[in-house]
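The values are calculated or read from the model by the stated rules, or taken from the named source; none is laboratory data. Keep in mind that this is a model prediction, so the values were computed, not measured. All Cβ positions, glycine included, derive from the backbone under ideal geometry; neighbour counts span all protein chains shown.
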């Protein structure tokens, strides 16, 4: 039966064969169909069929012991769960799907907005968080503040006024306001317990927003008619410590890390000092840094912390703690470009050329 199938395959144009220890076969046809068959099944049932979809979605079972296994059209496995592409395979990818990684301020949203004009669907992780997963929590926080004002309290309780979020891709202020800052309540700070509660809610929401990616890829293409997909994730993606999220992103998108140059690092830190904003912190990181800050400033209680001063103090430490995390993700799952290289991107073709360059730098 195996010989019969192979004879049939030989007549198909541009065939590419790959055999694992369990005799799985991966094919690519000129129609861009990718079909994985299990030859151990006497009926040759298809395991996975993807028509004109991401060439990363293929059967990857039993490749754990292969460092680099050639697959099709220049793609290969690198490590246990990751597929890398050649420049040719990337350029031939009909429906490109990219996840942008990097600290807040490196240009992810700018780039995504630029690509929207060229038939790319812009998926904003923070927008999804604010409008879906944290929508009720954000509104509850706003209503709680509103109830502190007697005039507004009476109107709200009598349903005379209505409060709703006005979150947009370019205005995520309600999400930041909900996260809040730690410290003195009289200066807008939150108690430690409430601060950690909101941090945990944000982490859960970000994980959920990232697991929605396959569904929105389908919607973007089949419902809205977009050819390509750009995933603009928050700067805290590297802090989630959730391997399932990274597996989903690497399986369905090409992950691109935007690495800051030394000069841009300094500028981002200066910007954070000028405009300290709410941030997400890993629980372990927060506990460690909070202890150091309190000792350095001789603060026996969290309620004595000046919220903005704490953000200014912790941001450089957070920034540099995230760099090795981003690099580890990029090394295992994706590719890297710099903020300096991104400056030359003025239109879609520039972005695609930069991506091709990033792919070409990956060891084959």
Mind listing whichever residues of the range 331-352 are within 14 Å of residue 114 (Cβ to Cβ) and in a helix (DSSP H, G or I)?
-> 342, 348, 349, 350, 351, 352
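So which residues in the range 261-274 are out of contact with any strand residue (DSSP E or B) (no Cβ under 8 Å at 6 or more places or on another chain) and either closer than 15 Å to residue 319 by Cα or not assigned by TED's automatic domain parsing to the domain that holds residue 105 (or both), if there are any at all?
Selection gives 262, 263, 264, 265, 266, 267, 268, 269, 270, 271, 272, 273.
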Residue list for the range 330-343, restricted to those being touching a helix residue (DSSP H, G or I) at 6+ places or on another chain (Cβ under 6 Å) and either modelled with pLDDT under 95 or within 19 Å of residue 250 (Cα to Cα) (or both) | 333, 335, 336, 337
Can you spot a residue in the range 191-207 that is at pLDDT below 95 and either closer than 20 Å to residue 279 by Cβ or surrounded by fewer than 19 Cβ atoms within 10 Å (Cβ to Cβ) (or both)?
-> no
Only one of (1) crowded, with 19+ Cβ neighbours inside 10 Å; (2) free of Cβ contacts under 8 Å to residues at least 40 places away in the same chain; (3) farther than 26 Å from residue 93 by Cα does not apply to residue 171, and that is (1)
Here are some residues: 258, 248. Which one is surrounded by 14 or more Cβ atoms within 10 Å (Cβ to Cβ), assigned by TED's automatic domain parsing to the domain that holds residue 207 and touching a strand residue (DSSP E or B) at 6+ places or on another chain (Cβ under 7 Å)?
-> 258
Could you check residue 284 against (1) more than 16 Å from residue 326 (Cα to Cα); (2) crowded, with 18+ Cβ neighbours inside 10 Å; (3) at pLDDT 95 or above and say which number it fails?
-> (2)
Hey, any hits in the range 309-329 for a residue that's under 19 Å from residue 196 (Cβ atoms), touching a strand residue (DSSP E or B) at 6+ places or on another chain (Cβ under 8 Å) and touching a residue at least 24 places away in the same chain (Cβ under 8 Å)?
-> yes
Of those in the range 208-243 that are under 13 Å from the mean Cα position of the chain (by Cα), surrounded by fewer than 17 Cβ atoms within 10 Å (Cβ to Cβ) and in a helix (DSSP H, G or I), the residue modelled with the lowest pLDDT is 243
If you go through the range 133-155 one residue at a time, do you hit one that is without any contact (Cβ under 8 Å) to a residue 60 or more places away in the chain, outside any helix (DSSP H, G or I), under 26 Å from the mean Cα position of the chain (by Cα) and closer than 26 Å to residue 306 by Cβ?
-> no
Mind listing just one residue for me: the one in the range 249-268 that is in contact with a helix residue (DSSP H, G or I) (Cβ under 6 Å, 6 or more places away or on another chain) and assigned to a helix (DSSP H, G or I) and, of those, farthest from residue 128 (Cα to Cα)?
-> 264
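Select, from 110, 123, 127, the only residue that is crowded, with 23+ Cβ neighbours inside 10 Å and not in a loop (DSSP other than H, G, I, E, B).
123
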